[in-house]
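Here the structure comes first, spelled out in C-alpha cells, and everything after it is commentary.
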There are 2 protein chains.
Amino acid sequence: MTSAPTWTIAQVAEEFDVTHRTVRHYEDLGLITPERRGTQRVYHRRDRTRLGLILRGKRLGFPLEEIRTIIDLFDAPRGRRTQLEYVLAQIDERRADLDQRLRDVQDAIAELGEFERRCREDLDKLA
Amino acid sequence: MTSAPTWTIAQVAEEFDVTHRTVRHYEDLGLITPERRGTQRVYHRRDRTRLGLILRGKRLGFPLEEIRTIIDLFDAPRGRRTQLEYVLAQIDERRADLDQRLRDVQDAIAELGEFERRCREDLDKLA
DNA sequence: ATAGTGCTTTACGTTTACGTCAACGTCAAG
DNA sequence: CTTGACGTTGACGTAAACGTAAAGCACTAT
C-alpha cells in the first residue's frame with residue numbers, strides 16, 4: 001500500500017517558487033495549517049492545493065486576508081440548510097468580484113491590441 | 001466656442017471614488033501630471049483617462065510603478081523605427097502578463113461554478 | 001475685517017506582505 | 001562527537017500605498 005505523500009517546507013517552497021518565510025507567513029495568517037511531526041512541518045496535498053489558490057489569488061490582486069475567507073469557504077461546513085445558503089450567497093459575492101476582474105482583463109487586452117495595431121500602422125508608413 | 005473642460009482635485013477624486021491623498025500620491029509617483037494654475041491643480045481629460053487606467057491596473061493587482069511604465073508606454077514617442085519596435089516588444093510582454101491574469105480569472109470562475117454546483121446538489125438532497 | 005470653504009505642502013503614522021538576521025534544535029555522515 | 005544540512009521561533013527591518021493630522025494660502029461671503 002502506498003501511504004499519502006508528504007512534503008517538507010523546502011520542497012513546497014521550491015515547487016511554488018516562494019521562500020520558506022512566505023510559506024510560514026501564510027501559516028501565521030491561517031491560510032495553511034501543515035501537520036506537525038515533532039517540531040517540523042509536514043505538508044500534505046491539501047496544503048499544496050491551498051498554496052496554489054493563495055498564489056493565484058495574489059496574482060489577481062486579492063489581499064491575503066480576503067484570500068483566507070475565500071479558500072476557507074471551500075472547507076466550510078455545509079451540513080445545514082442555513083449554512084449552505086450562506087455559502088451560496090458568499091459564492092455570488094465572489095463571482096461578482098471575479099466578473100469585474102474578467103472585464104478588466106478583457107478590456108486591457110483589447111486596448112493593448114488596438115494600440116499594437118496603431119503601432120504597426122505607423123511602422124508600415126515608415127517602410 | 002467651448003474650451004476644453006477641466007476638473008478640480010475634489011471632482012476627480014469624487015468621480016473615481018478615491019481620496020485627494022490618493023490622487024496626489026499618484027502624482028508624486030509620476031503617474032499623472034495635472035496642470036498648475038497658480039498653486040492649484042487643474043485636471044484635464046488626459047488625467048482622467050490615466051486615472052482610469054491606474055485604477056484598473058490596481059484592480060488587476062499591478063504595482064503602481066509597473067502601472068506607470070505601462071501607461072507611459074501609450075504616450076511614448078514612436079517616431080523612429082527603433083522606438084516603435086521597442087514599444088511593440090513591450091506590448092508583447094504586457095500581453096503575456098495579461099494572458100496569465102485572464103487564465104487565472106477564468107480558472108477561478110470555473111472552480112467557483114463547480115463549487116456552486118456541488119453546493120446546490122447538497123441543498124437538493126436536503127429537500 | 002473676519003469667518004468659512006477649498007486647496008496646498010510637510011511630515012509622521014499605518015497596514016500589508018514579506019525580508020533578514022540571530023540564536024537555537026535535530027539528525028545523519030564523517 | 002562535532003560538523004553540516006535543514007529546520008525552528010522570535011524579532012526587527014522594509015517597501016508599497018496610502019491615512020492622518022498640522023499649518024498655511026486664496027478667495028468668497030457675510
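The values are calculated or read from the model by the stated rules, or taken from the named source; none is laboratory data. Note that the structure is predicted; figures quoted are calculated from it, not measured. Positions of Cβ are backbone-derived with ideal geometry, glycine not excepted, and every protein chain shown enters the neighbour counts. These area figures cover heavy atoms from the full protein model, side chains too; ligands, DNA and RNA do not enter into them. Shrake-Rupley method; radii C 1.70, N 1.55, O 1.52, S 1.80 Å.
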Original post:
Suppose every K and R has +1 on its Cβ and every D and E has -1 on its Cβ; what is the size of the dipole of chain B about the Cα centre, in Debye to the nearest 20?
Top reply: 700
Original post:
Averaged per residue, what accessible surface does chain A expose to a 1.4 Å probe, in Å²?
Top reply: 59
Subject >> Chain pair A, B: total accessible area buried, heavy atoms, 1.4 Å probe, Å² >> reply: 4100
Original post:
Which percent of the accessible heavy-atom area of chain A goes to carbon and sulfur, probe 1.4 angstrom?
Top reply: 50
Original post:
Roughly how crowded by other chains is peptide A:81-90, in terms of the mean Cβ count from those chains within 10 Å of each of its Cβ atoms?
Top reply: 3
**OP:** Read phi for every residue in segment B:120-125 and hand back ³J(HN,Hα) as whole Hz from Karplus 6.51 cos²θ - 1.76 cosθ + 1.60, θ = phi - 60°, with x for Gly and Pro.
**Re:** 5, 4, 4, 5, 4, 5
Original post:
When Cβ neighbours within 10 Å are restricted to other protein chains, what is their mean count per residue of peptide B:108-114?
Top reply: 5
Subject >> Per-q log10 I(q)/I(0), segment B:78-127, q = 0.14, 0.19, 0.26, 0.32 Å⁻¹ (Debye; single scatterer per alpha-carbon; no solvent) >> reply: -0.57, -0.72, -0.88, -1.01
Subject >> Minimum 50 Å² accessible area buried by the other protein chains, segment B:32-77 residues, probe 1.4 Å, relative to alone >> reply: B:R56, B:R59, B:L60, B:F74
